[in-house]
Amino acid sequence: MSPNIKIRHLPTDQFEDRPKGIEIDTLIIHSMHNPEAKNRFSALSCKECLDKHGVSSHYLIDLSGTAWQLIPENKKAWHAGISTMPEDGREGVNAFSIGIELIGSEDTDFTEAQYQALALLTKDILSRHSIQYIYGHYDIAPGRKTDPWGLDWLRYREDVLRSCAYADLRFSPTAAT
C-alpha cells in the first residue's frame with residue numbers, strides 16, 4: 001500500500017472468489033449513505049447497510065477521507081449488480097472490477113478530504129492492477145443506478161492524472177464534459 005493513503009479495515013463476508021483467469025481492469029465509483037441509521041454517514045453504518053442488503057464494495061471513503069477496506073482486492077465484491085461495460089459490452093462487471101463507495105448523499109457534496117483520498121486510493125490501486133477504465137455506477141447500469149451523486153469527474157480525473165502517466169486510462173464519459 002502507498003504510504004500516502006491511510007487504509008483501515010472493516011471486514012465483511014459479502015464476497016466470493018473471482019472467476020479464474022479474470023484480470024482486474026476496471027474501477028467503479030459509487031456513493032452511499034445509510035438512511036436508516038442515526039449517523040447515516042459513518043463507515044460502520046454504511047457497512048451495516050451494505051451487509052443488510054447482501055451487497056458489498058472493496059472500499060468505503062468516509063467524510064474525513066479515511067479509506068476503509070471491506071474486502072481484499074483479489075475477491076469479487078457485489079457492488080455492480082446487473083451491469084454492462086459501455087466500451088466493450090462485457091457483462092457482470094463485479095468479476096473484473098474494484099468498487100469504491102464514497103459516503104455521501106444526493107444533497108451533499110463530497111469533502112475535500114474525500115477527493116484527496118479517492119485520488120490517492122485510485123493511484124494506489126493503479127500501482128497494483130492494469131486498470132483501463134474508471135466509471136461511475138450509472139455508466140455500467142444506466143437507467144437503474146444514479147450514483148455517484150455529484151462527483152466532480154473533471155477534478156477527480158485531474159487529481160489522478162497529475163504527476164502520473166496513465167495515457168490509456170479511460171474515465172467516465174462524464175469526465176469529458
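Note on the stretch 73-104: residues that are small (G, A, S), touching a Gly at 6+ places or on another chain (Cβ under 9 Å) and either closer than 15 Å to G136 by Cα or surrounded by fewer than 14 Cβ atoms within 10 Å (Cβ to Cβ) (or both) total 3. Within the stretch 27-80, how many residues turn out to be over 22 Å from A113 (Cβ atoms), of a type in the set (S, T, N, Q) and touching a Phe, Trp or Tyr at 6+ places or on another chain (Cβ under 7 Å)? Of the residues in that region, 1 qualify. If you go through the stretch 15-40 and keep only what is buried (at least 17 other Cβ atoms within 10 Å of the Cβ) and either within 16 Å of the chain's Cα centre (by Cα) or among the hydrophobic types (A, V, I, L, M, F, W, C) (or both), you end up with F15, I24, T26, L27, I28, I29, H30, S31, M32, H33. Quick check on H33: is it touching a strand residue (DSSP E or B) at 6+ places or on another chain (Cβ under 8 Å) and farther than 24 Å from L151 by Cα? In short, no. Set side by side, the residues Y115, Y135, Y156 differ, and just one is buried (at least 22 other Cβ atoms within 10 Å of the Cβ), hydroxyl-bearing (S, T, Y) and not in a strand (DSSP E or B), which is Y156. Within the span defined as the stretch 42-52, every residue fails to be of a type in the set (A, V, I, L, M) and in contact with a helix residue (DSSP H, G or I) (Cβ under 6 Å, 6 or more places away or on another chain).
Cβ separations smaller than 6 Å between residues 6+ apart or across chains give the following pairs from the stretch 162-177 residues that are under 17 Å from D25 (Cα atoms) to residues that are surrounded by 10 or more Cβ atoms within 10 Å (Cβ to Cβ) and modelled with pLDDT of 75 or more: R170/Y133; F171/I134; F171/R157; S172/Y135; S172/G136; S172/D139; S172/W153.
The values are calculated or read from the model by the stated rules, or taken from the named source; none is laboratory data. Everything numeric in this text was worked out from a predicted model, so none of it was measured. Cβ: placed from backbone, ideal geometry, glycine included. Neighbour counts: every protein chain shown.
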